[in-house]
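The values are calculated or read from the model by the stated rules, or taken from the named source; none is laboratory data. All values derive from a computational prediction rather than experimental measurement. Glycine also receives a Cβ, built like all others from the backbone with ideal geometry; neighbour counts cover every protein chain displayed.
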Amino acid sequence: MGKKRTVAELAAAVWLAIGGALPAHAIEAELSLLDLRAVDAPIPTLAVAGAEGRALRYAKTIQRALAFFRTELGWSLDFKLAVLDRPAWEKASGVPWPAPFVQPSEAYIVMPASIVDYPGFDQWSFDDQALTEVLTVHEVGHALGSANGLESANHWVHELIADLFLAAFVREKERAMMPLLASPPEGFGPFRHTQFADLDYLYSGVGLLNYAWYQFELARLANRMLDEKPFRDIALELKGSLDGEVHLLAPASAEAVSAVTPGVGPELARFTGESSLARIEAMACSDALRNSSGENSAIFVENASSRRLDVIDWVSHQNMQSELDAIADLAGTPKETLPVQPVTVHPGTVAPLFAYAGQELDLGGGRCIKALGHPVRYRVE
């Protein structure tokens, strides 16, 4: 039998696997085990030996960016920075080398000392140090936006927000990096994943090269939005337009962005087609409802209908009931039946659900969908 797990535990595991940052306390703990040197910089900064000079430059850029965003929005945070080489990175981070990341809740930015190992770098006409340095501003944008309610459950919007911060800074303070906002490099592609839905579902699981293509496109779109309206106006209006807790279908999330800058609407529409993930169909339920062997895999339930959809994971329910019974036995109290708690997928939203390969999730009415051991999607029209 597989390890007992809840949907929340699975979601956390999958998030890490596809490139989410480590929890803040884990980052601090892992970094404390490395041979890092404190750098005399404007913000608390650690670096591997030999990267102190770069770390100082990165820290100064973060300080410049914070001053700019404080002026523009009145927002600020107390950031920390760590600059690592590949061996240190792979000891401290679950994020693929050398993709920069930030832990928003602690405003802790982790940067590679060099980004030359990033797939496709040899196709970009950027200086290694200059590019890595300015990408710190993208990470600042993630944390600063999140701390002030400018966020989205859709990964593509989450990245667009960070690229808006980056683009605003580049346009005003780092004009030499304007080519970064132009478009993907010539000859960069084609790629399998080109729709926002794939970025939403797989995140960096699309592959680092394909992920870079998305970032170039999103930086271009951010720049286009800033042609239409000042950064401050976009940031504040987007904060009101977005619901950071709801994972919307890609067309709906694009509508929230184009409501702020209508001029980008036609361009956004190019990216709001269906996901390339295999689409499964509902079938009659079998005894696989309670299968708990095999690898965990994702099913993205897309509700494009006008009615709510309830999905029951009987394995998670059974595991939680067993745990509740064990607690009652230890306490010597009567056992209680745990109410069934379906996941509700509201109209226009997506629910990332997780199950064991071969396990079925119950849609009600004797109909089920089955996990296949790799990410798939189920769509209700």
For the stretch 326-346, name all the residues that are within 20 Å of Arg290 (Cβ to Cβ), of a type outside the set (D, E, K, R) and free of Cβ contacts under 8 Å to residues at least 12 places away in the same chain. Ala326, Pro339
Among the residues that make up the stretch 62-74, is at least one of them surrounded by 19 or more Cβ atoms within 10 Å (Cβ to Cβ), polar (S, T, N, Q) and modelled with pLDDT of 95 or more? no
Flagged in the stretch 325-381 as in contact with a Lys or Arg (Cβ under 9 Å, 6 or more places away or on another chain) and among the basic types (Lys, Arg), in numbering order, are Arg377, Arg379
Among what's in the stretch 347-374 and is without any contact (Cβ under 8 Å) to a residue 60 or more places away in the chain and part of a loop (DSSP other than H, G, I, E, B), pick the residue that is surrounded by the fewest Cβ atoms within 10 Å (Cβ to Cβ). Gly365
Just need a number here: residues in the stretch 119-136 that are out of contact with any strand residue (DSSP E or B) (no Cβ under 9 Å at 6 or more places or on another chain) and within 30 Å of Leu249 (Cβ to Cβ). 2
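For (1) of a type in the set (Gly, Ala, Ser); (2) without any contact (Cβ under 8 Å) to a residue 60 or more places away in the chain; (3) surrounded by fewer than 17 Cβ atoms within 10 Å (Cβ to Cβ), each residue gets a yes or a no:
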residue	(1), (2), (3)
Glu90	no, yes, yes
Phe101	no, no, no
Ile109	no, yes, no
Ala113	yes, no, no
Asp122	no, yes, yes
Asp127	no, yes, yes
His142	no, yes, no
Single match in Ile299, Ile312 (criterion: closer than 13 Å to Gly358 by Cα and of a type in the set (Val, Ile, Thr)): Ile299
Can you report the number of residues in the stretch 45-99 which are in contact with a Leu (Cβ under 7 Å, 6 or more places away or on another chain) and not hydrophobic (A, V, I, L, M, F, W, C)? 7
